[in-house]
Every structure is written in structure tokens, then in C-alpha cells.
1. Out of all the residues in the range 126-150, which are among the hydrophobic types (A, V, I, L, M, F, W, C), under 19 Å from the mean Cα position of the chain (by Cα) and open to solvent by 10 Å² or more (accessible area, probe 1.4 Å)?
2. Given the criteria surrounded by fewer than 20 Cβ atoms within 10 Å (Cβ to Cβ) and at pLDDT below 95, does E391 qualify?
3. Only one of D256, D272 is over 30 Å from E373 (Cβ atoms) and in a helix (DSSP H, G or I); which?
4. Just checking, which of E348, E283 is open to solvent by 30 Å² or more (accessible area, probe 1.4 Å), without any contact (Cβ under 8 Å) to a residue 40 or more places away in the chain, assigned to a helix (DSSP H, G or I) and of a type in the set (D, E)?
5. For the range 225-263, which positions are among the β-branched types (V, I, T) and either touching a helix residue (DSSP H, G or I) at 6+ places or on another chain (Cβ under 7 Å) or without any contact (Cβ under 8 Å) to a residue 24 or more places away in the chain (or both)?
6. Please go through the range 361-388 and pick out each residue that is open to solvent by 20 Å² or more (accessible area, probe 1.4 Å) and in contact with a Gly (Cβ under 6 Å, 6 or more places away or on another chain).
7. Identify the residue in the range 5-32 that is in a loop (DSSP other than H, G, I, E, B) and free of Cβ contacts under 8 Å to residues at least 24 places away in the same chain and, among all such residues, is nearest to R276 (Cα to Cα).
8. With the requirement that a residue be within 16 Å of Q397 (Cα to Cα), open to solvent by 10 Å² or more (accessible area, probe 1.4 Å) and more than 23 Å from the chain's Cα centre (by Cα), what does the range 435-461 give you?
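The values are calculated or read from the model by the stated rules, or taken from the named source; none is laboratory data. Treat the numbers as computed from the prediction; the structure is a model and nothing was measured. Using ideal geometry, Cβ is built from the backbone for each residue, glycine included, and neighbour counts are taken over all protein chains shown. Heavy atoms of the whole protein, side chains included, go into the accessibility calculation; ligands, DNA and RNA do not. Shrake-Rupley method; radii C 1.70, N 1.55, O 1.52, S 1.80 Å.
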Amino acid sequence: MAVDHTHAPMLEALVDYHRNGRLSFTPPGHKQARGADPAVREALGDAVFLGDVLASGGLDDRLMRGRVLDRAEVLMADAVHADHTFFTTCGSSLSVKAAMLAVAGPHEKLLIGRDAHKSVASGLVLSGIEPVWVDPRWDAERHLAHPPSADDFERAFAAHPDAKGALITSPTPYGACADLRAVAEVCHRRGLPLIVDEAWGAHLPFHPDLPSWAMDAGADICVTSIHKMGSGLEQGSVFHLRGDLVPAALLKMRADLLGTTSPSVLIFAGLDGWRRQMALRGEELMGGALELAGRVRAAIEEIDGLHVNDRADFCGPELADDFDPLPVVIDVTGLGITGYRAADWLREHRKVDAHLTDHRRIGAQLTHGDDEETADELLSALKDLAAAAPELTGGPQVDVPDPAGLRMEQAMLPRDAFFGPTEDVPVGEAAGRIAAEIITPYPPGIPAVLPGERLSEPVLRYLTTGLAAGMNLPDPSDAELNTVRVVADAG
């Protein structure tokens with residue numbers, strides 16, 4: 001098929017659907033907004049419902065003979081130098097699970113950076129894969145994890161030569177990047193595939209001043225969230241494939257196990273339109289975003305008490321290999337407050353929502369959708385935060401362990417611990433027991449506790465003090481963390 005990036009097959013098919021005046025006796029039951037509740041129509045607008053049509057037997061015919069989705073995926077693959085691309089409307093949480101299932105099976109080993117997202121942990125529970133954890137490079141001064149190095153993966157493969165491949169997260173939500181080319185070479189010397197969770201890197205292929213992206217660095221599977229740093233709708237994700245270490249048919253089969261049979265055409269169209277936008281204007285748009293980020297970073301640095309983490313903070317020996325400046329990560333320790341308190345104040349008093357929050361930082365994510373007006377609003381709000389900070393000090397503090405204290409023994413397979421007999425014990429009695437649940441500070445969504453890990457006092461203290469200070473823990477069975485779900489004692 002000739003590649004012409006001026007086309008957007010999903011969007012064009014949607015326009016044709018309405019131009020042809022199709023009358024549907026299929027789902028969705030709102031029938032192009034006619035059956036939707038009037039209050040919902042008023043709040044959402046009819047455009048949402050008009051774009052919500054059946055993919056097979058609606059946008060395309062029942063046998064998908066128009067190849068609308070196929071053509072959109074081919075164009076996306078070409079835009080990022082992949083051999084194959086697959087769209088999903090279930091977010092990168094599905095995409096990364098499909099990738100894992102295509103590389104390893106139950107009781108087979110997969111090397112995984114321990115800074116992986118919760119979706120990877122969920123994939124371990126569902127698949128029965130045995131994780132071989134590769135420790136991130138820890139910045140003990142800033143209490144921050146950066147992706148593991150190629151040497152870290154080399155040592156892990158030497159210790160576990162039966163591993164089926166590796167998975168690394170790059171960029172991290174903080175913008176720290178790995179040397180993906182070197183990690184891919186470590187895998188490929190053994191004839192094994194590399195999966196890159198590049199959920200935060202949808203924009204990377206479109207400007208030369210941004211870090212390299214997975215497909216150009218030699219990765220075999222790359223998972224990307226278009227809704228994070230791109231302009232797709234929430235849940236819009238793609239996974240790319242390159243090379244022959246993972247068969248395309250196998251990857252698609254694994255994805256079909258997890259995906260919905262009722263995909264959202266709205267989300268598909270958002271993915272397709274974003275690809276066209278980036279293929280035609282990506283360098284211009286990302287160049288503007290980078291210039292804006294540079295000005296915003298410099299202006300924030302002038303605000304007393306605030307420091308913007310930059311390349312000098314994140315990159316260097318035993319730290320990250322590269323750096324994306326668009327996730328503007330702001331250290332608020334100079335104000336004497338936590339990132340949680342800073343984010344809450346910005347939302348309540350200035351109607352500004354920060355993204356990433358932790359015990360000492362907030363993240364102000366910039367994309368090509370920002371401009372001078374939004375940047376000025378952010379800067380004004382941060383100046384007001386700095387002025388208000390003296391009234392916000394003195395709240396609960398988070399007891400963050402040193403890097404060694406954060407790592408716990410993987411005593412059981414995540415799947416066995418999660419699905420086996422469990423009991424709830426008081427958090428004060430949980431140290432030494434094997435966790436049977438995931439506990440994840442969110443965002444950024446990197447689990448502090450995984451099923452099968454032997455709980456330690458430093459990690460439990462980090463979570464309980466974090467919760468008191470405003471940490472969001474959406475997944476433990478006891479939301480107040482008075483108890484923890486653990487593997488039941490035998491006998």
C-alpha cells in the first residue's frame with residue numbers, strides 16, 4: 001500500500017458514514033444520540049455520540065473489507081519506523097500485557113526493571129510469568145528511580161540464562177530515559193526480544209532534539225500511550241513491532257485474549273488523527289513545545305523555593321542516560337512542603353491540576369497543546385503557591401527508605417500469591433509476611449508492593465506515612481491501610 005500521511009482512514013470513514021446517511025440497527029443503543037439522556041447530551045455534546053459507531057458492521061462492513069483499521073495501522077507503523085502497529089482502545093495497560101504474553105509464558109522468566117508500571121505487575125499475575133527483577137539506578141539524594149542500564153541487564157541475563165527476554169520502562173513518568181540501543185544489543189546478542197514500555201514517549205519520534213524512541217533504538221515491541229504525551233483520547237494506545245523475534249500473528253493473538261470485541265471508533269479515530277497531525281507537522285509542533293518548556297523551566301527556576309529537575313539532576317554515571325524536558329518536574333522541598341500538599345493547594349486555590357505528585361515533587365506536563373496562555377497560568381499559580389507555602393508547612397512527612405530498604409525479596413510468583421489462600425493482618429504485624437496484593441502510589445503508578453514480595457518494615461512505614469501525608473493508594477484491599485492482604489500461613 002502506498003503511504004500517504006495526508007490521509008486518516010478512520011476519520012475519513014467516519015465522515016463517509018454520516019455522509020451516506022447510514023441507518024443502524026446495531027449497537028450502540030443510543031442510536032447516534034437519539035436515545036441518550038437529554039442531560040447527558042447537553043453535557044457531552046452530540047458529537048461524542050455521532051462518532052460512536054460500531055467498528056465492524058458500521059464504520060466498515062461486517063467482514064472489514066474496507067480495511068479501514070488495517071490502513072490506519074499501516075500508516076502509524078510507517079510514521080514511527082515499525083514493521084507492524086496494532087491499535088487498542090484499552091490503554092497501554094492492555095498493550096504491555098499483550099507484549100509480555102507474546103514473549104514469555106507461565107513459569108517462564110522475563111527480566112523486568114523494578115520501576116515498571118502497575119500494569120506490568122498485573123500482567124505477571126494474569127500470566128504466571130516469573131519476574132527476574134532488574135534494579136533501577138537509584139538516586140539516593142533525590143529518592144528517585146531511573147531505568148536500569150545495559151550492564152544491569154547483562155548481569156541479569158548471566159544469572160538467568162533461561163530468561164525469554166526483557167522489559168524496560170523508558171521514558172519514566174519523570175522524563176528519565178534509558179540507553180535503549182545498548183539494552184537492545186544485550187538482548188539481541190542472545191537472540192531474545194526487548195519490550196519497551198514507552199507509554200510516556202508517544203512524541204519522541206517527531207523531533208530530533210528529543211531522546212531516541214524504541215523502534216529506532218532496535219527494540220522489538222514498543223508500547224505507547226497516545227493519550228499521555230500525544231493528542232489522542234484517554235485509553236488510546238498502540239503497540240509497535242519490529243523484526244522477527246516475535247511473530248506479528250502471535251502478538252495479535254495474545255492481544256485478542258485481552259482486548260474488547262467492542263472497540264471505540266472514537267478512540268481509533270483519535271489515534272489516526274494524531275498520527276496524521278504528527279506525520280505532517282510533528283517537528284514544528286514539538287519544536288514549539290520544546291521552546292515553551294525551556295522558557296517555563298527558566299521562569300520556574302526564578303521562583304524562590306522551587307527547583308526544576310533538569311538534565312544535570314537526572315543524567316550522569318549511575319543515573320539516567322537521557323532526558324525529556326517536557327514532563328516539567330518541580331522539586332518543592334525548598335518551600336518546606338510535600339508534593340501532595342502543593343498539588344492539593346494548586347487544585348483548590350488556583351484550579352490548576354498537577355500530574356505527577358510524590359513526597360517532594362509535582363509534575364507540570366507540557367505538550368504541543370500548551371501555549372503562552374496556559375504557561376502563564378501555570379507560572380502565576382506557582383508564584384502564588386510559593387507565597388502561600390509558609391501557611392502549608394508542618395504537615396505529615398513521608399518516611400522514604402534508602403534504595404536498599406525499598407527492595408524486598410520476591411518469595412513467591414505474583415500469580416501464586418495473588419490467587420492463593422490469603423488473610424488480612426494488621427499493618428503493624430505485616431512485616432515478614434508475603435504480600436498477596438498490589439500497593440501502588442499513584443501517580444506515577446509504580447508499585448511499592450507486589451504480590452509474592454516479602455513485606456519489610458521500611459516499605460510499610462513509607463506507605464503508612466505517605467498515606468497520612470496525602471499519597472494516593474488506589475489499589476489495596478483496605479484503603480486506609482490498617483490491614484494488609486498477605487498469603488495465609490500454612491496450617
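1. Within the range 126-150, L126, W133, A145 meet the criteria.
2. yes
3. Selected residue: D256, the only one of D256, D272 that is over 30 Å from E373 (Cβ atoms) and in a helix (DSSP H, G or I).
4. E348
5. I226, V238, V246, T261
6. Selection gives A386 alone.
7. Restricting to residues being in a loop (DSSP other than H, G, I, E, B) and free of Cβ contacts under 8 Å to residues at least 24 places away in the same chain, the top hit is N20.
8. Matches in the range 435-461: P458, R461.
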